[in-house]
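Each remark here refers to the structure printed beneath this line.
The values are calculated or read from the model by the stated rules, or taken from the named source; none is laboratory data. Because the structure is a prediction, the values reported are computed rather than measured. Note that each Cβ is placed from the backbone with ideal geometry, even for glycine, and that neighbours are counted across all protein chains shown. For the accessible areas, the whole protein counts, side chains as well, though only heavy atoms, and no ligand, DNA or RNA atoms are used. Shrake-Rupley method; radii C 1.70, N 1.55, O 1.52, S 1.80 Å.
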Amino acid sequence: MTGELTLANATLVLPTGCMRGWIRIHDGLIADLGEGDTVPGGAVDCGGDYVSPGLIELHTDNIERHIEPRPGVDWPHAAAIAAHDGELASTGITTVFDALRVGSIPSGKGRYIRYARALSRELLELRAQDMLKISHFLHLRAEVCSETLAEELTEFGPEDRVGLVSLMDHTPGQRQFRDLSKLEQYVKGKRGMNDAEFAEHVASLKALRDKHGAAHERAAVSEAARFGAVLASHDDTTAEQVAVSAAHGIRLAEFPTTLEAAQACRDNGIAVMMGAPNLIRGGSHSGNVAAAELAEAGLLDIVSSDYVPAALLQAAVKLGEDWGDMARGLATATSAPAAAVGLADRGRLEVGLRADLLRFRLAAHVPLVRGVWSRGAQVG
(Lines give C-alpha, C1' and ligand atoms only; values in the text may rest on other atoms or scores of the structure.)
Protein backbone atom coordinates (compact mmCIF):
# COMPACT_ATOMS: atom_id res chain seq x y z
CA MET A 1 0.00 0.00 0.00
CA THR A 2 1.13 3.55 -0.66
CA GLY A 3 0.42 6.80 1.13
CA GLU A 4 0.91 8.26 4.58
CA LEU A 5 -1.33 8.72 7.62
CA THR A 6 -0.73 9.96 11.16
CA LEU A 7 -3.04 9.17 14.06
CA ALA A 8 -2.38 11.60 16.89
CA ASN A 9 -3.59 12.31 20.44
CA ALA A 10 -4.31 8.59 20.80
CA THR A 11 -3.90 6.12 23.64
CA LEU A 12 -1.41 3.79 21.98
CA VAL A 13 -1.60 0.16 23.14
CA LEU A 14 2.06 -0.83 23.21
CA PRO A 15 3.60 -4.18 24.22
CA THR A 16 4.64 -2.76 27.59
CA GLY A 17 1.62 -0.59 28.39
CA CYS A 18 -0.52 2.28 27.14
CA MET A 19 0.85 5.71 26.22
CA ARG A 20 -0.73 8.94 24.94
CA GLY A 21 0.98 9.57 21.64
CA TRP A 22 0.97 9.45 17.85
CA ILE A 23 1.71 6.87 15.18
CA ARG A 24 2.72 7.47 11.57
CA ILE A 25 1.99 5.03 8.74
CA HIS A 26 3.91 5.07 5.45
CA ASP A 27 3.47 2.66 2.51
CA GLY A 28 1.59 0.12 4.59
CA LEU A 29 4.07 -0.03 7.46
CA ILE A 30 4.46 1.65 10.83
CA ALA A 31 7.05 4.33 10.10
CA ASP A 32 7.32 6.06 13.47
CA LEU A 33 5.56 6.66 16.77
CA GLY A 34 6.08 8.86 19.78
CA GLU A 35 4.68 10.30 23.00
CA GLY A 36 2.54 13.40 23.45
CA ASP A 37 -0.97 14.75 22.86
CA THR A 38 -0.15 17.30 20.17
CA VAL A 39 -1.82 16.98 16.77
CA PRO A 40 0.47 17.90 13.85
CA GLY A 41 -0.99 19.45 10.73
CA GLY A 42 -2.68 16.84 8.56
CA ALA A 43 -2.89 14.28 11.34
CA VAL A 44 -6.12 12.67 12.56
CA ASP A 45 -7.02 13.79 16.10
CA CYS A 46 -8.12 10.62 17.89
CA GLY A 47 -9.30 12.50 20.96
CA GLY A 48 -7.74 9.97 23.33
CA ASP A 49 -9.24 6.90 21.62
CA TYR A 50 -7.30 3.68 21.95
CA VAL A 51 -5.16 2.70 18.95
CA SER A 52 -4.00 -0.89 19.08
CA PRO A 53 -2.67 -3.44 16.62
CA GLY A 54 -5.37 -5.01 14.46
CA LEU A 55 -6.86 -8.13 16.02
CA ILE A 56 -5.69 -11.60 15.00
CA GLU A 57 -8.33 -14.32 14.92
CA LEU A 58 -7.09 -17.92 14.98
CA HIS A 59 -10.31 -19.94 15.14
CA THR A 60 -13.60 -18.81 13.63
CA ASP A 61 -16.08 -20.75 11.52
CA ASN A 62 -17.94 -17.52 10.76
CA ILE A 63 -17.44 -18.12 7.05
CA GLU A 64 -19.65 -21.23 7.30
CA ARG A 65 -22.51 -19.12 8.68
CA HIS A 66 -22.32 -16.90 5.59
CA ILE A 67 -22.09 -19.85 3.19
CA GLU A 68 -25.11 -21.54 4.81
CA PRO A 69 -27.16 -18.80 6.53
CA ARG A 70 -29.96 -21.30 7.19
CA PRO A 71 -29.91 -25.12 7.13
CA GLY A 72 -29.94 -26.26 3.52
CA VAL A 73 -29.45 -22.76 2.07
CA ASP A 74 -26.29 -22.53 -0.07
CA TRP A 75 -25.54 -18.81 -0.47
CA PRO A 76 -23.45 -17.66 -3.49
CA HIS A 77 -19.93 -18.23 -2.28
CA ALA A 78 -18.12 -15.15 -3.55
CA ALA A 79 -20.74 -12.91 -1.98
CA ALA A 80 -20.64 -14.92 1.23
CA ILE A 81 -16.86 -14.73 1.49
CA ALA A 82 -16.90 -10.97 0.85
CA ALA A 83 -19.57 -10.49 3.52
CA HIS A 84 -17.57 -12.56 6.00
CA ASP A 85 -14.42 -10.57 5.22
CA GLY A 86 -16.25 -7.27 5.63
CA GLU A 87 -17.87 -8.32 8.90
CA LEU A 88 -14.52 -9.24 10.44
CA ALA A 89 -12.96 -5.97 9.28
CA SER A 90 -15.80 -4.03 10.90
CA THR A 91 -15.03 -5.64 14.28
CA GLY A 92 -11.30 -4.79 14.23
CA ILE A 93 -9.99 -8.13 12.97
CA THR A 94 -7.24 -7.61 10.39
CA THR A 95 -5.86 -11.16 10.21
CA VAL A 96 -8.01 -14.28 10.25
CA PHE A 97 -7.35 -17.99 10.11
CA ASP A 98 -10.55 -19.22 8.50
CA ALA A 99 -11.52 -22.51 10.13
CA LEU A 100 -12.66 -25.15 7.63
CA ARG A 101 -13.49 -28.73 8.58
CA VAL A 102 -11.61 -31.51 6.80
CA GLY A 103 -12.84 -35.04 7.38
CA SER A 104 -16.36 -35.99 6.36
CA ILE A 105 -19.11 -38.54 6.90
CA PRO A 106 -20.82 -38.80 3.50
CA SER A 107 -23.97 -40.71 4.49
CA GLY A 108 -26.60 -40.96 7.23
CA LYS A 109 -28.67 -38.36 9.04
CA GLY A 110 -25.58 -37.14 10.91
CA ARG A 111 -23.60 -36.79 7.70
CA TYR A 112 -21.03 -34.07 7.09
CA ILE A 113 -20.21 -33.54 3.43
CA ARG A 114 -16.80 -32.35 2.26
CA TYR A 115 -16.48 -28.70 1.32
CA ALA A 116 -13.12 -27.34 2.51
CA ARG A 117 -11.04 -27.75 -0.65
CA ALA A 118 -13.59 -26.15 -2.99
CA LEU A 119 -14.41 -23.27 -0.63
CA SER A 120 -10.76 -22.53 0.13
CA ARG A 121 -9.98 -22.31 -3.59
CA GLU A 122 -12.71 -19.70 -3.99
CA LEU A 123 -11.39 -17.74 -1.00
CA LEU A 124 -7.79 -17.85 -2.23
CA GLU A 125 -8.87 -16.77 -5.71
CA LEU A 126 -10.62 -13.70 -4.26
CA ARG A 127 -7.49 -12.96 -2.24
CA ALA A 128 -5.31 -13.23 -5.37
CA GLN A 129 -7.61 -10.71 -7.08
CA ASP A 130 -7.15 -8.32 -4.12
CA MET A 131 -10.88 -8.46 -3.41
CA LEU A 132 -10.59 -8.99 0.34
CA LYS A 133 -10.11 -6.28 2.94
CA ILE A 134 -8.05 -8.21 5.51
CA SER A 135 -5.37 -10.91 5.62
CA HIS A 136 -6.65 -14.49 5.33
CA PHE A 137 -4.97 -17.80 6.18
CA LEU A 138 -6.51 -21.27 6.37
CA HIS A 139 -7.12 -23.20 9.57
CA LEU A 140 -7.88 -26.84 8.77
CA ARG A 141 -9.96 -28.46 11.53
CA ALA A 142 -8.87 -32.08 11.14
CA GLU A 143 -11.84 -34.20 12.26
CA VAL A 144 -10.33 -37.45 13.52
CA CYS A 145 -13.77 -39.05 13.97
CA SER A 146 -14.62 -39.18 10.25
CA GLU A 147 -14.24 -41.34 7.15
CA THR A 148 -12.22 -39.13 4.79
CA LEU A 149 -9.72 -37.03 6.77
CA ALA A 150 -6.49 -38.44 5.35
CA GLU A 151 -7.82 -38.23 1.79
CA GLU A 152 -8.99 -34.64 2.17
CA LEU A 153 -5.70 -33.46 3.68
CA THR A 154 -3.78 -34.67 0.62
CA GLU A 155 -5.72 -32.15 -1.49
CA PHE A 156 -3.89 -29.24 0.18
CA GLY A 157 -0.31 -28.11 -0.20
CA PRO A 158 2.23 -25.59 1.15
CA GLU A 159 1.00 -23.02 -1.38
CA ASP A 160 -2.47 -22.89 0.18
CA ARG A 161 -1.66 -20.61 3.15
CA VAL A 162 -2.54 -23.30 5.67
CA GLY A 163 -1.30 -21.69 8.86
CA LEU A 164 -3.03 -23.92 11.41
CA VAL A 165 -4.10 -27.56 11.63
CA SER A 166 -6.08 -28.51 14.73
CA LEU A 167 -6.68 -32.06 15.89
CA MET A 168 -10.43 -32.33 16.42
CA ASP A 169 -11.91 -35.38 18.12
CA HIS A 170 -15.65 -35.13 18.67
CA THR A 171 -16.14 -38.76 19.66
CA PRO A 172 -19.13 -38.85 22.05
CA GLY A 173 -18.35 -39.33 25.72
CA GLN A 174 -15.03 -37.47 25.88
CA ARG A 175 -13.46 -34.02 25.52
CA GLN A 176 -16.07 -31.36 24.65
CA PHE A 177 -18.90 -33.89 24.71
CA ARG A 178 -18.00 -36.03 27.70
CA ASP A 179 -21.45 -35.00 28.93
CA LEU A 180 -23.64 -36.84 26.42
CA SER A 181 -26.69 -34.79 27.36
CA LYS A 182 -24.97 -31.69 25.93
CA LEU A 183 -24.21 -33.53 22.69
CA GLU A 184 -27.78 -34.82 22.54
CA GLN A 185 -29.18 -31.32 22.94
CA TYR A 186 -26.87 -29.96 20.26
CA VAL A 187 -27.34 -32.71 17.65
CA LYS A 188 -31.08 -33.11 18.07
CA GLY A 189 -31.54 -29.38 17.71
CA LYS A 190 -29.32 -29.11 14.65
CA ARG A 191 -30.15 -32.37 12.88
CA GLY A 192 -33.69 -33.07 14.05
CA MET A 193 -32.86 -36.56 15.32
CA ASN A 194 -35.15 -38.66 17.49
CA ASP A 195 -33.92 -40.83 20.37
CA ALA A 196 -33.22 -43.89 18.22
CA GLU A 197 -31.41 -41.87 15.56
CA PHE A 198 -29.28 -40.15 18.19
CA ALA A 199 -28.29 -43.50 19.73
CA GLU A 200 -27.35 -44.80 16.27
CA HIS A 201 -25.37 -41.60 15.61
CA VAL A 202 -23.36 -42.01 18.82
CA ALA A 203 -22.60 -45.67 18.08
CA SER A 204 -21.54 -44.82 14.52
CA LEU A 205 -19.13 -42.09 15.65
CA LYS A 206 -17.54 -44.36 18.22
CA ALA A 207 -17.07 -47.04 15.57
CA LEU A 208 -15.44 -44.53 13.23
CA ARG A 209 -13.04 -43.45 15.98
CA ASP A 210 -12.10 -47.06 16.65
CA LYS A 211 -11.55 -47.77 12.96
CA HIS A 212 -9.80 -44.62 11.76
CA GLY A 213 -8.82 -42.53 14.77
CA ALA A 214 -5.17 -43.47 15.20
CA ALA A 215 -4.39 -43.32 11.47
CA HIS A 216 -6.19 -40.00 11.08
CA GLU A 217 -4.29 -38.49 13.98
CA ARG A 218 -0.98 -39.56 12.46
CA ALA A 219 -2.00 -38.15 9.08
CA ALA A 220 -2.93 -34.76 10.56
CA VAL A 221 0.38 -34.45 12.39
CA SER A 222 2.32 -35.41 9.27
CA GLU A 223 0.38 -33.17 6.90
CA ALA A 224 0.67 -30.14 9.19
CA ALA A 225 4.44 -30.50 8.91
CA ARG A 226 4.17 -30.76 5.11
CA PHE A 227 2.14 -27.56 4.95
CA GLY A 228 4.53 -25.76 7.31
CA ALA A 229 1.54 -25.13 9.58
CA VAL A 230 1.29 -24.83 13.34
CA LEU A 231 -0.37 -27.88 14.93
CA ALA A 232 -2.96 -27.27 17.63
CA SER A 233 -4.88 -29.49 20.02
CA HIS A 234 -8.60 -29.08 20.64
CA ASP A 235 -10.68 -29.70 23.76
CA ASP A 236 -7.97 -31.39 25.81
CA THR A 237 -9.59 -32.52 29.06
CA THR A 238 -6.97 -34.44 31.04
CA ALA A 239 -3.27 -34.10 31.78
CA GLU A 240 -2.77 -37.36 29.87
CA GLN A 241 -4.32 -35.88 26.74
CA VAL A 242 -2.11 -32.81 27.07
CA ALA A 243 0.93 -35.08 27.34
CA VAL A 244 -0.04 -36.67 24.01
CA SER A 245 -0.42 -33.20 22.50
CA ALA A 246 3.01 -32.19 23.76
CA ALA A 247 4.52 -35.34 22.28
CA HIS A 248 3.11 -34.31 18.88
CA GLY A 249 4.96 -31.01 19.21
CA ILE A 250 1.80 -29.01 19.81
CA ARG A 251 2.33 -25.53 21.27
CA LEU A 252 -1.23 -24.18 21.02
CA ALA A 253 -4.27 -25.59 22.83
CA GLU A 254 -7.73 -24.58 21.65
CA PHE A 255 -10.38 -24.51 24.35
CA PRO A 256 -9.11 -26.96 27.01
CA THR A 257 -12.21 -28.09 28.87
CA THR A 258 -10.85 -28.32 32.43
CA LEU A 259 -8.57 -26.44 34.81
CA GLU A 260 -6.46 -29.60 34.99
CA ALA A 261 -5.84 -29.55 31.24
CA ALA A 262 -5.08 -25.82 31.17
CA GLN A 263 -2.54 -26.20 33.96
CA ALA A 264 -0.95 -29.14 32.17
CA CYS A 265 -0.69 -26.99 29.04
CA ARG A 266 1.13 -24.30 31.00
CA ASP A 267 3.47 -26.93 32.49
CA ASN A 268 4.28 -28.17 28.97
CA GLY A 269 4.81 -24.74 27.42
CA ILE A 270 1.56 -24.88 25.41
CA ALA A 271 -0.34 -21.60 24.93
CA VAL A 272 -3.99 -21.73 26.02
CA MET A 273 -6.68 -20.23 23.81
CA MET A 274 -10.27 -19.83 25.00
CA GLY A 275 -13.44 -18.62 23.34
CA ALA A 276 -14.43 -14.97 23.73
CA PRO A 277 -18.14 -15.91 23.95
CA ASN A 278 -17.33 -18.12 26.95
CA LEU A 279 -15.74 -15.12 28.67
CA ILE A 280 -18.53 -12.68 27.75
CA ARG A 281 -21.36 -15.07 28.66
CA GLY A 282 -19.69 -16.08 31.92
CA GLY A 283 -19.30 -19.74 31.05
CA SER A 284 -19.17 -22.47 28.43
CA HIS A 285 -22.32 -23.44 26.53
CA SER A 286 -21.09 -27.06 26.75
CA GLY A 287 -20.63 -27.01 30.52
CA ASN A 288 -16.83 -26.93 30.39
CA VAL A 289 -14.43 -24.74 32.37
CA ALA A 290 -15.14 -21.01 32.28
CA ALA A 291 -12.63 -18.80 30.48
CA ALA A 292 -12.88 -16.34 33.37
CA GLU A 293 -11.69 -19.04 35.78
CA LEU A 294 -8.60 -19.64 33.65
CA ALA A 295 -7.99 -15.89 33.34
CA GLU A 296 -8.15 -15.50 37.11
CA ALA A 297 -5.72 -18.40 37.52
CA GLY A 298 -3.29 -16.86 35.05
CA LEU A 299 -3.82 -19.67 32.54
CA LEU A 300 -5.36 -17.77 29.64
CA ASP A 301 -3.05 -16.57 26.85
CA ILE A 302 -5.19 -16.04 23.74
CA VAL A 303 -8.85 -15.37 22.99
CA SER A 304 -10.77 -16.34 19.86
CA SER A 305 -14.09 -14.96 18.65
CA ASP A 306 -15.19 -18.53 17.78
CA TYR A 307 -18.78 -17.95 16.61
CA VAL A 308 -19.25 -14.21 17.42
CA PRO A 309 -16.74 -11.97 15.55
CA ALA A 310 -17.47 -8.86 17.64
CA ALA A 311 -16.74 -10.80 20.83
CA LEU A 312 -12.97 -10.78 20.18
CA LEU A 313 -12.44 -7.08 20.92
CA GLN A 314 -15.03 -7.15 23.70
CA ALA A 315 -13.28 -10.05 25.43
CA ALA A 316 -9.81 -8.52 25.11
CA VAL A 317 -11.09 -5.26 26.62
CA LYS A 318 -12.85 -7.13 29.41
CA LEU A 319 -9.63 -8.95 30.26
CA GLY A 320 -7.79 -5.62 30.22
CA GLU A 321 -10.28 -4.16 32.70
CA ASP A 322 -10.37 -7.30 34.88
CA TRP A 323 -6.58 -7.48 35.02
CA GLY A 324 -6.17 -3.70 35.41
CA ASP A 325 -3.85 -3.73 32.37
CA MET A 326 -5.38 -2.88 29.00
CA ALA A 327 -2.17 -3.69 27.13
CA ARG A 328 -2.13 -7.18 28.63
CA GLY A 329 -5.78 -7.68 27.74
CA LEU A 330 -5.35 -6.55 24.13
CA ALA A 331 -2.28 -8.76 23.78
CA THR A 332 -4.52 -11.83 24.02
CA ALA A 333 -5.97 -10.85 20.62
CA THR A 334 -2.87 -9.29 19.03
CA SER A 335 0.70 -10.16 19.95
CA ALA A 336 -0.05 -13.50 21.64
CA PRO A 337 -1.89 -15.09 18.68
CA ALA A 338 0.72 -13.64 16.30
CA ALA A 339 3.49 -15.33 18.30
CA ALA A 340 1.55 -18.61 18.50
CA VAL A 341 1.42 -18.94 14.70
CA GLY A 342 4.81 -17.40 13.93
CA LEU A 343 3.63 -14.10 12.40
CA ALA A 344 6.51 -11.79 13.29
CA ASP A 345 5.38 -8.95 11.00
CA ARG A 346 2.21 -7.92 12.91
CA GLY A 347 0.47 -7.89 16.27
CA ARG A 348 2.51 -5.06 17.88
CA LEU A 349 2.81 -1.32 17.46
CA GLU A 350 6.46 -1.25 16.44
CA VAL A 351 8.35 0.54 13.67
CA GLY A 352 8.71 -1.64 10.57
CA LEU A 353 5.72 -3.88 11.23
CA ARG A 354 2.54 -4.02 9.15
CA ALA A 355 0.24 -1.06 9.68
CA ASP A 356 -2.69 -3.20 10.79
CA LEU A 357 -4.40 -0.88 13.27
CA LEU A 358 -7.60 -0.59 15.27
CA ARG A 359 -9.02 2.60 16.78
CA PHE A 360 -11.74 2.26 19.41
CA ARG A 361 -13.23 3.96 22.45
CA LEU A 362 -15.19 2.62 25.41
CA ALA A 363 -18.82 3.44 26.22
CA ALA A 364 -20.23 1.75 29.34
CA HIS A 365 -17.33 -0.76 29.10
CA VAL A 366 -18.31 -1.65 25.52
CA PRO A 367 -15.63 -1.04 22.84
CA LEU A 368 -16.88 1.00 19.89
CA VAL A 369 -14.81 0.65 16.74
CA ARG A 370 -13.87 4.01 15.23
CA GLY A 371 -11.51 2.90 12.48
CA VAL A 372 -9.67 -0.15 11.14
CA TRP A 373 -6.63 -0.20 8.83
CA SER A 374 -5.06 -3.15 7.02
CA ARG A 375 -1.58 -2.46 5.61
CA GLY A 376 -2.32 1.22 6.05
CA ALA A 377 -5.56 1.21 4.05
CA GLN A 378 -8.76 1.96 5.95
CA VAL A 379 -11.10 -1.05 5.78
CA GLY A 380 -13.51 -0.28 8.60
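If I stretch the segment between Leu29 and Asp267 completely, what's the gain in nm (0.36 nm per residue apart, minus their alpha carbon distance), one decimal?
Working: separation 238, 0.36 × 238 = 85.68 nm, distance 3.68 nm.
Stretched fully, the Leu29-Asp267 segment lengthens by 82.0 nm.
Between beta-carbons, use under 15 Å as the cut-off and find the net charge around Asp74, counting Lys and Arg +1, Asp and Glu -1. All intermediate terms of the calculation are to be shown ahead of the outcome.
Values: positive: Arg65, Arg70, Arg114; negative: Glu64, Glu68, Glu122.
Counting the neighbours of Asp74, the net charge comes to 0.
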* Are there any helices in the chain, counted as whole DSSP H runs, that stretch 15 Å or more along their axis by Cα and score at least 0.0 on average by Kyte-Doolittle, and if so which? -> 77-90, 311-323
* Structure fact -> Reported to the nearest 10 Å², Trp22 has, with a 1.4 Å probe, an accessible area equal to 60
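Put Asp301, Asp267, Asp236 in order of accessible area, largest first, 1.4 Å probe: what do you get?
From most exposed to least exposed: Asp267, Asp301, Asp236.
Over the chain, average the accessible area per residue using a 1.4 Å probe and give it in Å², no decimals. Let's see the in-between values first.
Numbers: 15600 Å² over 380 residues.
On a per-residue basis, 41 Å².
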* To do: Multiply the residue separation of Ala214 and Arg20 by 0.36 nm, subtract the distance between their alpha-carbon atoms, and state the gained length in nm to one decimal.
  => 64.5 nm
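So what's the net charge close to Trp323: Lys and Arg +1, Asp and Glu -1, counting the other residues with Cβ under 15 Å from its Cβ? Don't skip to the answer; put the middle values down first.
Values: positive: Lys318, Arg328; negative: Glu293, Glu296, Asp301, Glu321, Asp322, Asp325.
Spelling it out: positives minus negatives among the neighbours equals -4.
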* **Gyration tensor (alpha-carbon) shape descriptor, the chain, a/c threshold 1.5** => prolate
* Across the chain, how many lysine pairs, 8 or more positions apart or on different chains, have C-alpha atoms separated by under 27 Å? Please give the number. => 13
* Asked: Mean residue ellipticity at 222 nm from the helices of the chain, using -39,500 (n - 2.57) per DSSP H segment of n ≥ 4 over the full residue count, to the nearest 500 deg cm²/dmol?
  -> -11000 deg cm²/dmol
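Where does each of Arg161, Arg346, Arg266 land when they are ordered by accessible area, with a 1.4 Å probe and the largest first?
Working: Arg161 60, Arg346 15, Arg266 90 Å².
The ordering from most to least exposed comes out as Arg266, Arg161, Arg346.
How long is the gain from Ala247 to Trp323 if the chain were fully straight, where each residue apart is worth 0.36 nm and the alpha carbon distance is subtracted? The partial results should precede the final answer.
Working: separation 76, 0.36 × 76 = 27.36 nm, distance 3.26 nm.
Going from the current span to full extension adds 24.1 nm.
Counting only protein chains, not ligands or nucleic acids, how are Met273, Met326 ordered by accessible area (probe 1.4 Å), most first? The partial results should precede the final answer.
Numbers: Met273 0, Met326 25 Å².
Largest accessible area first, the list is Met326, Met273.
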* To do: Report, to the nearest whole %, how much of the accessible area of the chain belongs to carbon and sulfur atoms, 1.4 Å probe, protein only.
  => 51
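How large, in Å, is segment 246-380 by the Kirkwood hydrodynamic radius built from its alpha-carbon pairs? Please report the intermediate quantities before stating the final value.
Working: mean 1/r = 0.0645 Å⁻¹.
Every distinct Cα pair counted, the radius reaches 15.5 Å.
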